Amino acid sequence: MDRNLDKMLSRLVEEIERVEVTRRDFGGVLTDIKQQIDLGKFPAIAAEIPERRLTKSITPVNLSGLSIAGIDGGLVRRRFRSMDLIMTRGVAVIFEFGPKEGPTVRFFPEPFPEPMVKPVMLTLSGPELEQISSLERIATEIRVALAVLDEFHTDIVLLDGSLLYHPRDRPQLSSPAYDKFQEVMALYRQLYNKAKAGGVALVGIVKDSRSMRVANILGEILPHVLRDPEIFEKMQGIDYRWLLKNSRDCDILDTFLEEGERSFAFKYSSEILSSNSVKNELKKWVTSIWVTYLKTASEDLPLRVEMLLYGDLGLEPEKLDRALAAILPLSWQHPEYGMPTPILEADTRARISMNETRMVVDRLMALSGLTYTKLEQRRSRNPFGG
């Protein structure tokens, strides 16, 4: 067994080395040539990418006078014999920067709010339960965001995650979870409208994005770029097609984005509308969401940044760059972790701990008179483990 395991691990080490060497060599070439690449020369992508440059440097701004909110939500699900419990908590942390050092920090609804507890009595399949749980968390976050827009003056609202639900969160029309989905769609519309009416920059910060849109775009344009003999010679011996096919955007961009640089921006809709996963009433908003990647820390992967640009001009680079210029200094706490401070603080406060979960279950038992044996599923109370 040890011999077989060593063989498997040796093959894995070889594959890792191949990836790292190819990434390093590819990144070296792209760093050399990125200023020479003109995206405007490729009509096939020009409709969704109005910018001509592959990368752009962002100059950090002085935060004095700005109010920036970070919003996150926590989720825990517990399964019992006759129902499921979904616990959610949404928290906003508002940083108000004055002329003096250090911001004033405010919280909504409070620094450590109690989790919301909702029973699910419906008979749901595993995927449906996952969907309704995720939708409950999204709804909690959006309600907090709406309250912040109502009660605080904010220049930028940062959501931890995307500005739109993940396609896997959309249930079938016949699913019991569809009513919750409809509710979340209505909340999204309220959020977009309220941000637009208040002139607030609405931004989604996505860490560990699995998107491959930029990698695919590079795969489309590089064969044309390599027609230049000098560039072709630099790329010779590098299997860039294999690398792009097997890499996420964050991994590819990390090879040539410098700290303080962003990638070109592209339409969010180019990733999802073709899959017909967005409801018609949201499509006009989704086409106003633009995506870029920002390198906020030297030793961390770039962040995927989504921003709602609700003007009639399509991409407005100055508005996007103004928001990114504020996000940069908020993300300099550590060279190996480049998340903005308001998001980090909201994440810490929104997370629902095991102790809190146990307290909720204990309180449920005390009020109902049930024991763990009666309440919990058999596999949860297996005295032999497993």
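The values are calculated or read from the model by the stated rules, or taken from the named source; none is laboratory data. Computed from a prediction, not measured in an experiment: that's the story for all the values here. Cβ sites come from the backbone with ideal geometry, for glycine too, and all protein chains shown count toward neighbours.
Of all the listed residues (159, 135, 75), the sole one being at pLDDT 95 or above, touching a helix residue (DSSP H, G or I) at 6+ places or on another chain (Cβ under 8 Å), of a type in the set (A, V, I, L, M) and over 30 Å from residue 364 (Cα atoms) is 159.
So which of 34, 41, 7 ends up being surrounded by 11 or more Cβ atoms within 10 Å (Cβ to Cβ) and either more than 28 Å from the chain's Cα centre (by Cα) or without any contact (Cβ under 8 Å) to a residue 60 or more places away in the chain (or both)? So that I can check it myself, show each step before the final result.
Values: 34 fails: either more than 28 Å from the chain's Cα centre (by Cα) or without any contact (Cβ under 8 Å) to a residue 60 or more places away in the chain (or both); 7 fails: surrounded by 11 or more Cβ atoms within 10 Å (Cβ to Cβ).
Every option except 41 fails the conditions.
Name the single residue that is modelled with the highest pLDDT among those in the range 38-72 being over 19 Å from residue 320 (Cβ atoms) and hydrophobic (A, V, I, L, M, F, W, C). Across the range 38-72, the extreme among qualifying residues is 71. Determine if the range 66-75 includes at least one residue that is surrounded by fewer than 19 Cβ atoms within 10 Å (Cβ to Cβ) and over 22 Å from the mean Cα position of the chain (by Cα). The answer is yes; a qualifying residue exists.
Could you list all residues from the range 198-216 that are assigned to a loop (DSSP other than H, G, I, E, B) and within 13 Å of the chain's Cα centre (by Cα)?
Going residue by residue through the range 198-216, those that are assigned to a loop (DSSP other than H, G, I, E, B) are 199-200, 207-212.
Matches in the range 198-216: 207, 208, 209, 210, 211.
Annotation note: Cβ proximity below 8 Å between a residue of the range 111-127 that is within 24 Å of residue 351 (Cβ to Cβ) and a residue that is in a strand (DSSP E or B) and of a type in the set (Asp, Glu) (sequence gap 6+ or interchain) occurs for 119/84; 120/84. Going residue by residue through the range 170-190, is there one that turns out to be assigned to a helix (DSSP H, G or I), touching a residue at least 24 places away in the same chain (Cβ under 8 Å), touching a Phe, Trp or Tyr at 6+ places or on another chain (Cβ under 7 Å) and among the aliphatic types (A, V, I, L, M)? Looking for residues that are assigned to a helix (DSSP H, G or I), touching a residue at least 24 places away in the same chain (Cβ under 8 Å), touching a Phe, Trp or Tyr at 6+ places or on another chain (Cβ under 7 Å) and among the aliphatic types (A, V, I, L, M), one finds at least one in the range 170-190, hence yes.
Considering only residues that are charged (D, E, K, R) and touching a residue at least 12 places away in the same chain (Cβ under 8 Å), look in the range 342-363 and name the one that is farthest from residue 203 (Cα to Cα). So that I can check it myself, show each step before the final result.
Applying the first criterion (charged (D, E, K, R)) to the range 342-363 yields 345, 347, 349, 351, 356, 358, 362-363.
Now restrict to residues that are touching a residue at least 12 places away in the same chain (Cβ under 8 Å): 345, 347, 349, 351, 356.
Details: 345: 16, 347: 16, 349: 20, 351: 21, 356: 30 Å.
Going through the qualifying residues, I end up with 356.
Which residue is modelled with the highest pLDDT, if the candidates are limited to the range 97-114 and must be of a type in the set (Phe, Trp, Tyr) and in a loop (DSSP other than H, G, I, E, B)?
Taking the range 97-114 first, the residues of a type in the set (Phe, Trp, Tyr) are 97, 107-108, 112.
Keeping just the survivors that are in a loop (DSSP other than H, G, I, E, B) gives 97, 112.
On the way: 97: 96, 112: 92.
It comes out as 97.
Just one of (1) touching a Lys or Arg at 6+ places or on another chain (Cβ under 9 Å); (2) exposed (fewer than 15 other Cβ atoms within 10 Å of the Cβ); (3) not charged (D, E, K, R) fails for residue 193. It is (1).
For the range 63-96: of the residues being in contact (Cβ under 8 Å) with a residue 60 or more places away in the chain and part of a loop (DSSP other than H, G, I, E, B), which is nearest to residue 146 (Cα to Cα)? Restricting to residues being in contact (Cβ under 8 Å) with a residue 60 or more places away in the chain and part of a loop (DSSP other than H, G, I, E, B), the top hit is 66. Filtering 218, 202, 222 for residues that are over 30 Å from residue 285 (Cα atoms) and of a type in the set (A, V, I, L, M) leaves a single hit, 222.
From the list 132, 156, the lone residue that is over 18 Å from residue 201 (Cβ atoms) and of a type in the set (A, V, I, L, M, F, W, C) is 132.
Run down 34, 56 and say which single residue is out of contact with any Asp or Glu (no Cβ under 6 Å at 6 or more places or on another chain), assigned to a strand (DSSP E or B) and among the basic types (Lys, Arg). Steps first, answer last, please.
Numbers: 34 fails: assigned to a strand (DSSP E or B).
So the residue among 34, 56 that is out of contact with any Asp or Glu (no Cβ under 6 Å at 6 or more places or on another chain), assigned to a strand (DSSP E or B) and among the basic types (Lys, Arg) is 56.
Based on this model, can you work out whether residue 136 counts as touching a Lys or Arg at 6+ places or on another chain (Cβ under 7 Å), at negative phi and among the charged types (D, E, K, R)? It is true that residue 136 is touching a Lys or Arg at 6+ places or on another chain (Cβ under 7 Å), at negative phi and among the charged types (D, E, K, R).
Among residues that are closer than 12 Å to residue 69 by Cβ, assigned to a strand (DSSP E or B) and within 18 Å of the chain's Cα centre (by Cα), residue 157 is included. For residue 49, the conditions (1) outside any loop (DSSP other than H, G, I, E, B); (2) more than 30 Å from residue 354 (Cα to Cα); (3) among the aliphatic types (A, V, I, L, M) are fulfilled apart from (1). Against the list (1) in contact with a Pro (Cβ under 9 Å, 6 or more places away or on another chain); (2) part of a loop (DSSP other than H, G, I, E, B); (3) at pLDDT 95 or above, the condition residue 327 fails is (2).
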